[in-house]
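First the structure, in the form of structure tokens, and then the observations on it.
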Amino acid sequence: MSPKHASAAILAAATLALGAGASLADSPEATVWQHHHESFTYYGITTLYSCDGLEGKVGQILQFLGARDAKVRAGGCARGSNSPSRIATVDADFDTLNSAASASAGDAVQAQWTPFKLDADRPSFMGQGDCELMRAMQPMLTHDFSLRNLDYSVGCTPHQLSIADFRVQGEVLKTSKLR
């Protein structure tokens with residue numbers, strides 16, 4: 001096989017391995033920041049968080065996925081903000097990137113599709129006990145972030161921890177400076 005044909009075969013195999021809709025080097029696209037306000041109730045059977053702990057964990061997840069200006073507030077913890085609680089409400093204000101087909105040049109931000117994975121092993125701030133939180137956050141994450149090739153698998157079993165309870169992976173629009 002000639003070097004030219006070998007290079008073409010390698011490129012074709014790599015493109016297939018990445019899956020439909022992805023390429024070796026997605027070109028940047030114009031996006032705009034869009035503001036979101038979301039609320040959800042966390043109810044933990046297996047894992048209890050303090051309100052302070054919920055604020056921190058939700059903020060880390062939002063930042064990991066490329067949100068900016070995230071402000072997370074949790075309330076309703078029965079014994080105070082730093083004591084574990086079974087139930088809490090979470091309010092979040094944050095900005096995410098959306099495609100900007102009609103945005104003016106001054107408002108446009110260049111972004112690329114960036115692979116991500118959240119599970120009990122990665123990133124380092126996630127753990128086996130985060131399954132119920134990922135289930136509670138699913139509507140917010142899937143509605144407010146620009147995602148593609150998404151696999152959102154959550155299968156929490158009450159009172160049991162497993163490394164395979166949840167896996168959220170795909171691609172998210174991120175600016176190069178947030179990578």
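Report the net charge of residues surrounding residue 41, where surrounding means a beta-carbon distance below 13 angstrom and charges are Lys +1, Arg +1, Asp -1, Glu -1. It would help to have the intermediate numbers written out before the result.
Numbers: positive: 86, 135; negative: 38, 91, 132.
That works out to -1.
So between residue 125 and residue 99, what do we pick up on full extension, going 0.36 nm a residue minus the alpha carbon distance? Intermediate values should be presented prior to the final figure.
Numbers: separation 26, 0.36 × 26 = 9.36 nm, distance 2.89 nm.
Length gained, residue 125 through residue 99: 6.5 nm.
Starting from the Kirkwood radius over alpha-carbon pairs of the stretch 27-178, derive D by Stokes-Einstein at 37 °C in a medium of 0.692 mPa s and give it in µm² s⁻¹. Spell out each step's value before the answer.
Working: Rh = 16.1 Å.
In µm²/s, the coefficient is 204.
Efficiency by 1/(1 + (r/R0)^6): what FRET value for residue 87 and residue 149, r their Cβ-Cβ distance, R0 = 41 Å, to the nearest 0.05?
Once the sixth-power term is evaluated, E becomes 0.75.
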Worksheet entry | Whichever aspartates and glutamates have a C-alpha closer than 17 Å to that of residue 174, once near sequence neighbours (fewer than 8 apart) are set aside | 26, 29, 69, 95, 107, 144
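Bear in mind these aren't lab numbers, they're just calculated from the coordinates by the rules spelled out. No experiment lies behind these values; they were computed from the predicted model shown. Quick reminder, even Gly has a Cβ in these numbers, built from the backbone with ideal geometry, and neighbours come from all protein chains shown.
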